[in-house]
């Protein structure tokens, strides 16, 4: 199914053609940038969202550093992830109140997308604390394979040989990482399960963001953190010793300034960049560009931690990245030739 043809408030184009709509009318028409002929010659059709998503990916590759710093300071793992979602929600609530007072959308109604997109990253953040960083990154970033499945199913895109090969390489990397020692390729701990689950759920969440382009950008960001906090809290309450106990209120209050600083200086800007790009890029390309996080994360973890990075991790890393490169270099080239 194609995305709806509704206009997103504030989107403008400097090309020789443009779509016009009233900004106070949320039901105004949208020119879909991929299908509408008026945008056929727009020269910046994906350069800006691609650049912003790469910046966000690089930042996410270093996200494990503040997470593990807070946990190492004595805060439980599960509560650490909850703080990373509650603090940005608190930062955004005053802006949401102003929008609500003006009769604009705030994101409270976007619970489905919020649970999918925010919940995926809540699971991913937990996995960074419950398993090795390289394993969490690689297991999560099999997501382009899941995204391709959703694109074929929901967006009715054709499953080319290049995409089929990309899926095969991605799943091969998954099998090597989980079963390279001759055992069954199954997750070994809760962190592995959360990393895999987060990749699948993120593929679905990014697809919903792409399909619902009438939803405002702020709405997507607030729903991401608000409903991600719901999922993070539910995970924290699971009977897993690795998540740690519930922290006392005095401990939570002591760490609150750090959570708020990370929220305002890192999480909120990065998620704004990421979700903006998700509105204009298809889910498979989103997953592919976010692969840059794997590079930054694996390299930084290899430098600053003592976690093992052997042949299994290296092979899984190469296969997963090869999956992304196959989709980009082969399938996109074929698409360009077919459209020319």
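Structural remarks
- Residue count for the range 205-222 satisfying the condition of being closer than 26 Å to residue 157 by Cβ and either touching a helix residue (DSSP H, G or I) at 6+ places or on another chain (Cβ under 6 Å) or assigned to a helix (DSSP H, G or I) (or both): 10.
- Residue count for the range 131-142, restricted to those that are farther than 10 Å from residue 294 by Cα, at pLDDT 90 or above and surrounded by 24 or more Cβ atoms within 10 Å (Cβ to Cβ): 0
- Of everything listed in (1) out of contact with any helix residue (DSSP H, G or I) (no Cβ under 8 Å at 6 or more places or on another chain); (2) assigned to a helix (DSSP H, G or I); (3) under 22 Å from residue 194 (Cα atoms), the single unmet condition for residue 245 is (2).
- Scanning the range 303-340 for residues that are modelled with pLDDT of 80 or more, touching a helix residue (DSSP H, G or I) at 6+ places or on another chain (Cβ under 8 Å), assigned to a helix (DSSP H, G or I) and more than 16 Å from residue 175 (Cα to Cα) yields a single hit, 304.
- Qualifying residue in the range 224-232 (condition: surrounded by fewer than 22 Cβ atoms within 10 Å (Cβ to Cβ) and touching a residue at least 60 places away in the same chain (Cβ under 8 Å)): yes
- Residue in the range 238-245 that is closer than 21 Å to residue 218 by Cα and either surrounded by 18 or more Cβ atoms within 10 Å (Cβ to Cβ) or in contact (Cβ under 8 Å) with a residue 24 or more places away in the chain (or both) present: no
The values are calculated or read from the model by the stated rules, or taken from the named source; none is laboratory data. These figures come from a predicted structure and were not determined experimentally. All Cβ positions, even for glycine, are placed from backbone atoms using ideal geometry, and neighbour counts span all protein chains on display.
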